[in-house]
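Colleague: First the structure, which I've put down as structure tokens, then a few questions once you've had a look.
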Amino acid sequence: MGFDTALTRALGIRVPVVQGGMQWVGYAELAAAVSNAGGLGILTALTQPTPEDLRKEIRRCRGMTKNPFGVNLTLLPALVPPDYGAYAQVIIDEGIKIVETAGNNPGPVIRQLKAAGVTILHKCTTIRHAKSAVKLGVDFLSIDGFECAGHVGEHDITNVILLNRARQDLGGVPFIASGGFADGYGLAAALALGAEGINMGTRFMSTVEAPIHQKVKEAIVNAEETDTALVLRRWKNTSRLFSNEVTKQALKIEKESTSGEFSDVAPYVSGKRGREVFLNGDINFGVWTAGQVIGVIHDIPTCGELLTRIEKEAAETLTRSQSLYKATPQSKL
């Protein structure tokens, strides 16, 4: 007995759980651990400074697992954009067959990857964007609810609504649920709403193998679901961040800035400062992303322990749900 969903069949994984791409977190140590545990581990391409560095990381990960793993390639606004095409070409050259895409104007990269036979999981925060991705030929949609960490979109639609809409409106294109998932109960709920699996980010940050400082993991465990904040909404680039001192300062400047210039807040939301948090363990040194799911994370297991538990919880929950409905005997009258 085991899971048999469109996701497990297409990706060759045992448990329908994807470790989403995370900047400064998605290294080989974590991706390999998730894949070895039966899920789909994912390297984050732009965590690597150059395409050639990504090539080295792919090879390093391949030396740590024999199971399928993927690469995340996120396209975001930048004054000097990375050479996305070059990153995609390295992914193709290295024989990676699964890519998680996200962000703005993904068409050229998706077409490049699809031409090489790559399976695409594309993240969307609205059904409108999902329908556009379907036209590009993506294989799976990752429906990202407002609960998620990082870029939440500008429409504030939670997963219960988004997943229902995806089931209703996407013409049978398979989708997975992202944002707010940390356990087997959530997986069972996502499957009941029509998803083929789930994507988890913040939950995997709080695992033994996550390559971030122990104090960050402990901060996640000790946090409540109210300990996040939405920043950069003024510039239509809303991000959900862990609510620390720098996040609060950034939010204050965003609300009070008379110029309305992004440069007023830029020093506070620097990715370089956020990376240092993961290295030095000072959770107030810079901003870092975390989803509302921090409220239901209470431990720091290995990826193997976590996925084993998720599988057991989901199976028990699905069995219990089935038992709640019994056919009514027909009247003999």
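The values are calculated or read from the model by the stated rules, or taken from the named source; none is laboratory data. From a predicted model like this one, the values you see are computed outputs, not experimental measurements. We place every Cβ from the backbone using ideal geometry, glycine too, and count neighbours over all the protein chains shown. Surface accessibility is based on the protein's heavy atoms, side chains included, excluding ligands, DNA and RNA. Shrake-Rupley method; radii C 1.70, N 1.55, O 1.52, S 1.80 Å.
Colleague: Which of Gly85, Gly197, Gly171 moves the most in a Gaussian network model of the chain with Cα springs under 10 Å?
Modeller: Most flexible of the set in this elastic network: Gly171.
Colleague: Let me ask you something else. Please give the net charge around Gln168, taking every other residue with its beta carbon less than 15 angstrom from that of Gln168, where Lys and Arg add +1 and Asp and Glu add -1.
Modeller: Combined, the nearby Lys, Arg, Asp and Glu give +3.
Colleague: Which of these, Ser206, Ser263, Ser132, has the largest mean-square fluctuation under a Gaussian network model of the chain (Cα springs below 10 Å)?
Modeller: Ranking Ser206, Ser263, Ser132 by mean-square fluctuation puts Ser263 first.
Colleague: Can you work out the Karplus-derived ³J(HN,Hα) for every residue in region 314-323? Use 6.51 cos²θ - 1.76 cosθ + 1.60 with θ = phi - 60°, whole Hz, and x for glycine or proline.
Modeller: Those phi angles translate into 5, 4, 5, 5, 5, 5, 4, 4, 4, 6 Hz.
Colleague: Assuming 0.36 nm per residue, please report the length gained on full extension of the stretch Arg234 to Asp53 beyond their Cα-Cα distance.
Modeller: The span from Arg234 to Asp53 would gain 61.7 nm if fully extended.
Colleague: Continuing with the same structure: Just want to confirm a number: the relative contact order over region 107-247, from Cα pairs under 8 angstrom separated by 6+ residues, in percent.
Modeller: Across region 107-247, relative contact order equals 20 percent.
Colleague: So if each residue of separation counts as 0.36 nm, and I subtract the Cα-Cα distance between Ala116 and Asp264, what length gain in nm does that give?
Modeller: 49.0 nm
Colleague: Compute a Gaussian network model of the chain, connecting alpha carbons closer than 10 Å, and tell me which residue from Arg128, Arg167, Arg273 fluctuates the most.
Modeller: Most flexible of the set in this elastic network: Arg128.
Colleague: What net charge is computed for the residues neighbouring Gly260, neighbours being all others with C-beta under 10 Å from the C-beta of Gly260, Lys and Arg scored +1, Asp and Glu -1?
Modeller: Cβ neighbours under 10 Å give a net charge of -2.
Colleague: Can you tell me the orientation of helix 51-62 relative to the chain, as the angle in degrees between its alpha-carbon axis and the longest Cα principal axis, to the nearest 10?
Modeller: 40
Colleague: Here's something else I'd like to know. How much length is gained on full extension from Met1 to Lys66, taking 0.36 nm per residue of separation minus their Cα-Cα distance?
Modeller: 21.1 nm
Colleague: A further question follows. What spacing in nm lies between the two simple spin-label points modelled at Glu256 and Thr226, each 7 Å away from Cα in the Cβ direction?
Modeller: Placing both labels 7 Å beyond Cα along the Cβ direction yields 2.3 nm.
Colleague: Can you pull out the trypsin sites (Lys or Arg not before Pro) in region 190-248 whose DSSP state is coil and whose Cβ has at most 15 other Cβ atoms within 10 Å?
Modeller: Lys236
Colleague: With a cut-off of 8 Å between alpha carbons and a minimum separation of six or more residues, what is the relative contact order of the chain in percent?
Modeller: 16
Colleague: Same structure, new question: How much of the accessible area of region 41-94, in percent, comes from carbon and sulfur atoms when a 1.4 Å probe is used?
Modeller: Of all accessible area on region 41-94, carbon and sulfur atoms account for 59 percent.
Colleague: In region 228-280, carbon and sulfur make up what percent of the accessible area (probe 1.4 Å)?
Modeller: It is 51 percent, rounded to a whole number.
Colleague: Could you please report the charge total around Ile212, scoring K, R as +1 and D, E as -1 over all other residues with beta-carbon less than 14 angstrom from its beta-carbon?
Modeller: Combined, the nearby Lys, Arg, Asp and Glu give -1.
Colleague: Hey, another quick one. Can you give me the relative contact order of region 228-280 as a percent, contacts being Cα pairs under 8 Å and 6 or more apart?
Modeller: The value is 26 percent.
Colleague: For the pair Lys131 and Tyr185, how long in nm is the line joining their label points, each one 7 Å along Cα→Cβ?
Modeller: 3.5
Colleague: Roughly how big is the chain's charge dipole about its Cα centre, with Cβ charges of +1 (Lys, Arg) and -1 (Asp, Glu), in debye to the nearest 20?
Modeller: 840
Colleague: Something else now. Cut-off 17 Å, label point 7 angstrom out along Cα-to-Cβ of Asn280: give me the residues of region 230-271 whose amide nitrogen falls inside.
Modeller: 244-247, 267-271
Colleague: Follow-up. Accessible area per residue, 1.4 Å probe, Å², for the chain: what's the number?
Modeller: Value returned for the chain: 46 Å² of accessible area per residue.
Colleague: Measuring from centroid to centroid over Cα atoms, what is the spacing of region 165-196 and region 49-64 in Å?
Modeller: Cα centres, region 165-196 to region 49-64: 31 Å.
Colleague: Which of the chymotrypsin sites (Phe, Trp or Tyr not before Pro) across region 276-328 are loop residues per DSSP, with 15 or fewer other Cβ within 10 Å?
Modeller: Passing sites in region 276-328 are Tyr325.
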